[in-house]
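Comments concern the structure below.
The values are calculated or read from the model by the stated rules, or taken from the named source; none is laboratory data. Note that the structure is predicted; figures quoted are calculated from it, not measured. Methodologically, a virtual Cβ is constructed for each residue, glycine included, from the backbone with ideal geometry; neighbour enumeration extends over all protein chains shown.
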């Protein structure tokens, strides 16, 4: 059962009065294969989890159970309503009614009717209020530097040409700024997973393509990118190429997980005085982090004090 099939099943709830609709959905799932019943439960947990945000909760009085019920009611109202409420948190107030958490019991009831065995399946994410990482402050805590990072990156190396510092520095800043951007965090929260790992590679020996693999807690993107652009050395082109490549990978994730439109990428400044390229094995220069931060503040568009760890990495251990 994919996400489209999940929402098609949920649509049965709006076709009848509630008292009749719940048995109808339960009967529909009971007649499906076991793996589809558990897949329905997984999709249900993911979408209920995704709108477990402090912003949404602020419009639902009554505490954690009331908020859980409201989130379930939003899902029961169907895909279009769900997406509207996801993007417009105040609209969840219209669904503040007790009792809708019955929806969570539907797959369990269908499973037990179908198999005669007790339901023990655990969805990949929790639906409990406060389980979504968005309840944590944006930005890593000092004692847990990677706890709140949802977007990671490793790549940009051409198998023959080596690194392109203008490209790689731009990509590193884009990744850090996108990870911290609330718009992108809301977009990623629809996946109901913890981490998105991007692993691009430029290679003359493989056909370009993007593979998106979903696990229990993370999504991994393996991308073979077109090597022709990476063969160029002009810095402005390479900086734009970094933006385009990041959007290519994120759009593949959007299509695979059906996450909705991509927000605009954050603006990051150009870094000054970067060399054009270095072949593999060539010693790379060290950047002065303070100079780069001062330059970025003059240009405007992003506070690179927050990105100082990334710049420090580029200054002391540039990727090869």
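For region 225-235, residues that are part of a helix (DSSP H, G or I) and without any contact (Cβ under 8 Å) to a residue 12 or more places away in the chain total 1. The condition of being at pLDDT 85 or above, touching a helix residue (DSSP H, G or I) at 6+ places or on another chain (Cβ under 7 Å) and in a helix (DSSP H, G or I) holds for residue 246. The listed residues are 98, 140, and the only one of them that is in the same structural domain as residue 58 (by TED's automatic domain parsing), at pLDDT below 85 and over 19 Å from residue 43 (Cα atoms) turns out to be 98. Right, residue 251: farther than 29 Å from residue 187 by Cα and either touching a helix residue (DSSP H, G or I) at 6+ places or on another chain (Cβ under 7 Å) or modelled with pLDDT of 60 or more (or both) or not? Against the criterion (farther than 29 Å from residue 187 by Cα and either touching a helix residue (DSSP H, G or I) at 6+ places or on another chain (Cβ under 7 Å) or modelled with pLDDT of 60 or more (or both)), residue 251 does not qualify. Selection over region 178-217 of residues that are under 9 Å from the mean Cα position of the chain (by Cα), under 17 Å from residue 252 (Cα atoms) and surrounded by fewer than 19 Cβ atoms within 10 Å (Cβ to Cβ) gives a count of 1.
Only one of 268, 310, 220 is outside any loop (DSSP other than H, G, I, E, B) and modelled with pLDDT of 55 or more. Can you tell me which?
Values: 268 fails: outside any loop (DSSP other than H, G, I, E, B); 310 fails: modelled with pLDDT of 55 or more.
Result: 220 is the single residue among 268, 310, 220 that is outside any loop (DSSP other than H, G, I, E, B) and modelled with pLDDT of 55 or more.
Of 234, 197, which residue is assigned by TED's automatic domain parsing to the domain that holds residue 169 and out of contact with any strand residue (DSSP E or B) (no Cβ under 8 Å at 6 or more places or on another chain)? Steps first, answer last, please.
On the way: 197 fails: out of contact with any strand residue (DSSP E or B) (no Cβ under 8 Å at 6 or more places or on another chain).
Only one candidate passes the filter, namely 234.
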